[in-house]
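What follows is a single structure, written as structure tokens, with notes after it.
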Amino acid sequence: MVRYDLVDLRLFLDVLAGGSITAGAVRMHLSLPSASARIRALERQAGVELLVRGRRGVRPTPAGTSLARHARDVLTHTARLESAVAGYARSPTAPLVLLAGTSATHRLVPHALASFLAEHPDLDVTASERPTPETLRLLADGEADLGVVVDDGSGAPGPDTEPLGDDSLVVIGRSGGVLADRDELTYREVAEHPLVGLQSTAPLQRWIEGKLGPDAPVARFRTRASSIGTVVSLAAAGVGLAVLPRRAVDPAVPLDVRELRDPWSRRHLALARGTTARRDSTAVEALADHVRRAAAGDGPTP
């Protein structure tokens, strides 16, 4: 009977997620030689090649794809088993803590929580909206388990992060309105029109205003809302233009969506982990996997 090591299975999935053995080693906090040896041992144990290696990274063979699918099931069931037993020893008031910015809390985090909580009825999660600097501080202080943070190129979010996808900003407006004949705009051009936006205390709005600088045009906000959903609805109704992350815009809502030319509008989401383990790593990794899947399924609309 072939016996698979859970660490090797997690490493294999991280290699596939990162596209290289190097990326998998970083995520598992292993040296590259150690990770390579584990993958080779896994292939010997399976009796078949699991990866196609190339200059640009690796991809799974058909056998590797099958192994990855079953490995996810095994790790999920293992997490359920551990949480079921741990539930008798841990306090029911000690949930996992997930922090995220305005963009991620609109669609990504709800999607991740819906699937995670359904699969793990014995685990609880506290999700809170926080700006990236505060999220990184709380993770470093051991007060949170995971955080969805913004990488805008101005500085690395932290050493223990992995990319989740694009979170660039766009301008939206009523379908067939003032954006109909435009392909892209600068924020200065956007500010020539009435706007709708988030409240000034929202992390996303604070981030945007922090990027504009002292010479930014003074925009007229017809109203400021407390949620991205309300801003999208107001923009669709023609109340004003809005600047939001593309992934936050529901593709089912009829809108004109145009690119922003300003360099600061290009940004990405990343998944960050706490530097101090607060909870069982299996539960944290299970939640991280659901965040990854939600990010992959909630990407920007073409």
*Karplus couplings for region 128-142 from phi (6.51 cos²θ - 1.76 cosθ + 1.60, θ = phi - 60°), rounded to Hz, Gly and Pro as x?*
9, 8, 9, x, 3, x, 5, 4, 5, 5, 5, 5, 5, 7, x
_Cβ neighbours within 10 Å, averaged per peptide: list 134-144, 68-78 in order, most packed at the top._
134-144, 68-78
*Candidate values [x] 18.0; [y] 15.7; [z] 13.3, label of the one derived for mean projected area of the Cα convex hull in nm²*: [x]
*In terms of modelled amide H atoms, which long-range or inter-chain residues lie less than 5 Å from the amide H of R261?*
L185, T186, Y187
_Under Karplus coefficients 6.51, -1.76 and 1.60, residue-wise ³J(HN,Hα) of region 9-19 in Hz, glycine/proline x_ = 5, 5, 4, 4, 5, 5, 4, 5, 5, x, x
_Most to least packed among 251-258, 287-294 [average Cβ atoms within 10 Å]_ = 287-294, 251-258
*Of the residues G24, G47, G177, which exhibits the maximal mean-square fluctuation in a Gaussian network model of the chain defined by a 10 Å Cα contact cut-off?*
G47
*Using the 2.2 N^0.38 Å rule of thumb for compact globular proteins, work out how region 169-265 stacks up: its C-alpha Rg over that value, please.*
0.96
*In whole Hz, what ³J(HN,Hα) sequence does region 218-233 give by Karplus (6.51, -1.76, 1.60; θ = phi - 60°), x for Gly and Pro?*
7, 8, 9, 9, 5, 6, 10, 10, 8, 9, 5, x, 5, 4, 4, 4
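We did not get these values from a lab; they are worked out from the coordinates using the rules stated. This is a predicted model, so every value here is computed, not measured. Here the Cβ is made from the backbone with ideal geometry for all residues, glycine too, and neighbour counts use every protein chain on show.
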